[in-house]
1. Can you give the net charge of the other residues whose Cβ lies under 10 Å from the Cβ of GLN27, counting K and R as +1 and D and E as -1?
2. Lysines within cross-link reach of LYS59: Cα-Cα under 20 Å, excluding same-chain residues under 8 positions apart?
Amino acid sequence: MEVRVYKRARALLLAHEGLKDQEIAPQVGLSHITLVNLRRRFQQERLQCIYDRPRSGRKPRFDGVLRAKITALACSDPPRGMAAGACGCWLVGWWSWAGWRVSTLIR
């Protein structure tokens, strides 16, 4: 579950228990205006209000599978030969290698 969905659901539960927006906001980490808008959306959409509405614009370039591969690649150790060089800046070499790897994943 996404954090923002959890926060919205928690805010609605606390509101149902009778707490005021001023009491709910610090507990869930949402602003007063966000809570006002959430209550209004709840009146119109019921529980669907906790989920994001579809957004206009270009679709994401990377799907979830590719994002997971990129994350795994970024969190992995660099290959042999990409360790710290004479200048000690292995990160530059690693990012160059990672950029090449990402470009091969996109193709």
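1. Once positives and negatives cancel, what remains is +1.
2. LYS69
Rule-based calculations on the coordinates, nothing more; no lab input. These figures come from a predicted structure and were not determined experimentally. Backbone-built Cβ (ideal geometry, glycine too); neighbour counts: all protein chains shown.
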